[in-house]
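The values are calculated or read from the model by the stated rules, or taken from the named source; none is laboratory data. As the structure is a computational prediction, the values presented were derived from the model and not from experiment. No Cβ is skipped: glycine too gets one built from the backbone with ideal geometry, and neighbour counts run over all protein chains shown. These area figures cover heavy atoms from the full protein model, side chains too; ligands, DNA and RNA do not enter into them. Shrake-Rupley method; radii C 1.70, N 1.55, O 1.52, S 1.80 Å.
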Amino acid sequence: MAFQFLTNVDLEKAQKEYRDVLLQNGMRPGTEKIPAAESCGRITAGAVYAHICAPHYHASAMDGIAVWARDTFGATETTPAHLKKGQFTVVDTGDPIPEGCDAVIMVEDVVQEEDGVCLYASAAPWQHIRQIGEDICAGEMILQSYQRITPSAIGAMLAGGVLEVEVLKKPVVGIIPTGDEIVPPTADPEPGDIVEFNGSIFSAMLRENGALPVLYPIVRDDFEEIKAAVQKALNECDMIILNAGSSAGREDYSSEVIHCLGKVLYHGIAIKPGKPAILGYQGAKPVLGVPGYPVSGIIVIEQLLKPLLELWNHLPGTEEEAAEAVLSRAVVSGLKYEEFVRVRLGYVENRLFASPLGRGSGVISSFMKADGMLRIPRDTEGYEAGMKVTVRLLRPREELKNTLLAIGSHDPLLDELGDLLHKENPKLFMGSAHVGSMGGIMAARRKENHIAGIHLLNEADGTYNEAFLEKYFPNGGVRLVECVGRTQGIITASGNPLGIRSIQDLKRPGLRYVNRQKGSGTRILLDYLCKKEGIATDDIYGYEREEFTHTSVAAQIASGSADAGLGIYSAAKLYDLEFIPICMEQYDLLIPDYAWETLMVKQLLQTMKSKAFREKLIQMGGYEIGTPGCVRRRF
């Protein structure tokens, strides 16, 4: 073989062009279905949705007695309530709530009497009860596409009734060691023997990065033998590492073999060590020629093969670290224990914000969603909002910087939008917190979010959102971006067994209502409709019973614990419930000027205008689609 000079191409240029040519040739993973319980570390092939609610029954959250809350109304220290046997049921934590009961009273608050119990305080409906769907609601997205499955995610899937999950197939990477002087690992090598341990190093690196290594037998420095070994590996693997023989020496056949079986993009990269690397390929399969020196080989694999594995899995690498963050909400802790609080993290204007997630021992979904861990020492009562705290990152800092914080009103389309955003650019993510339209406006005023879903009705003229932005942003600094029109209505059980037809029906005796939280646009809409119809909200049983999402409202109705709730059509459709349309409202996005030029927002606006997003909205149902992603008004 004639001596030939090597190229000396820039590493970044080589990485990009290698990636591009392989993608153009069709490099992509296959998929397979595996048991969810065995899926840890794997990458989802598509979005994963819950099949059932978790918990799937109404469970007692305390040891005590289950009662019908109405039976306790009026109980005080001076006028206690006396319940006879038959009016209550003794329950332990985790027990199903008996029929005819809608509250649990802690055993510490129960005074035993000869023929019953005595209560010195009334019970609120649904107190101390873990309601159906408290953790996960059937139909909700548990995992996004191309997301690594964690142990807590396995728990969330199993809790949500997902027993099988479709994942990306791990890339099979063949490792071919070559050289006349190379011998298998041995405790007693002869002089001149070089122990082949690169294959074991590379195999461990591949496993660490989500690949399945196949270590082939050592091949002598013979062109035809190396060619046959590479061809065999091409038939059996997705990627090939050809170890040694990548220099321009007398018996360095790697480049010639790769060129014979496929193509060589570059032979020689401007890195040291690792210069003689060969970027070869056959169709969509990379064939990487790696130098024989171990350190060179490790660097080449890290810089040139690892990016391909990340591309295959649609995920960047992970690295744990700690960071200082601003706490967005106060966290209260007891003095007796050291506490670990799961937090959602995100950067806004180069400041890292930490938002505490649900801390209940039964809320496994909060662990799955956590971006970091806040450690509260013993003898500390907690931290106030606005304080700087140290958090341990559970996601790489770069991911957090590329996370779009959506804090505002809930709509399932935000989950779908976040999924599409991540599909289009695997480096971008969306983290959402459902705090209602007013909560989103306040977060923008404090510069704690990038976007906020809002749908606030101006009672004076029937318009949406603009009057509120004029009020809360008198000096401007925000844009109102069109999203969708959506149908709000009364959600009730399938077949509408109670014959509900209007808002007036919500005050019927015996009807159980489930409401949205204070500050949400849906709660404000209900209050407006009640005022318009002359209905006192005190007359609606369950008015104070609050849920934070439309799907949670639908889940309670589907479970039979509530008869009606105001919500959007897509949530009713998800649970096959009856829907009585009330009005079409405008659901828009508030985007502050400080977030407008960020990559995440720019990509989001493109995604909102995409055909895929429009098709998803049509599939979900109940939306009026105009020109999503267009600025309605700048303030």
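Worth pointing out:
- A convex hull fitted around the alpha carbon atoms of segment 109-196 yields 271 Å³ per residue.
- Sequence-separation-based contact order of the chain, relative, with Cα cut under 8 Å and 6+ spacing, percent: 12
- Three-way shape label, segment 289-357, alpha-carbon gyration tensor, a/c 1.5: prolate
- Solvent-accessible area per residue, Å², over segment 443-487 with all protein chains present [probe radius 1.4 Å]: 38
- Shape of segment 501-563, Cα gyration tensor, a/c cut at 1.5: oblate
- The charge dipole of the chain, taken about its Cα centre with unit charges on the Cβ of Lys, Arg, Asp and Glu (plus for the first two, minus for the last two), comes to roughly 1800 debye.
- Label sites at GLU424 and ASN496, each approximated as a point 7 angstrom past Cα along Cα to Cβ, lie 3.8 nm apart.
- Given their separation in residues at 0.36 nm each and the Cα-Cα distance between them, CYS630 and THR93 gain 188.3 nm when the chain is fully extended.
- Where trypsin sites (Lys or Arg not before Pro) fall in DSSP loop in segment 340-442, at most 13 other Cβ within 10 Å: ARG378
- Of the listed residues HIS56, HIS314, HIS450, the order by accessible area with a 1.4 Å probe, largest first, is HIS56, HIS314, HIS450.
- Cα-based equivalent ellipsoid of the chain: semi-axis lengths in Å, sorted from largest, via gyration tensor: 57, 29, 22
- In the chain, taking the dipole from charged Cβ atoms about the Cα centre, the farthest positive-side position among GLY74, LEU212, VAL631 is held by VAL631.
- Kirkwood Rh in Å, taken over all unlike Cα pairs in segment 107-151: 15.1
- Of interest is the spacing of the C-alpha centroids, which for segment 24-90 and segment 228-304 amounts to 53 Å.
- Translational D in µm²/s for segment 203-331 (Stokes-Einstein at 10 °C, 1.306 mPa s, Kirkwood Rh from C-alpha pairs): 99
- Normalised by the number of residues in segment 563-631, the average gap of Cα pairs under 8 Å and 6 or more apart makes the relative contact order 37 percent.
- Descending semi-axes in Å of segment 142-272, equivalent ellipsoid built from Cα gyration tensor: 37, 19, 13
- Quarter of Cα convex hull surface for segment 395-509, i.e. mean projection, nm²: 10.8
- LYS471-GLU384 FRET efficiency (beta carbon distance; Förster radius 22 Å; 0.05 resolution): 0.20
- Prolate/oblate/rounded call for segment 374-452, Cα gyration tensor, a/c under 1.5 rounded: oblate
- Segment LYS531-ALA322, length gained on full extension (0.36 nm per residue, minus Cα span): 70.2 nm
- Ratio of the Cα radius of gyration of segment 491-635 to 2.2 N^0.38 Å, where N counts its residues: 1.20
- Computed from Cα atoms, the angle from the helix 11-24 axis to the main principal axis of the chain rounds to 70 degrees.
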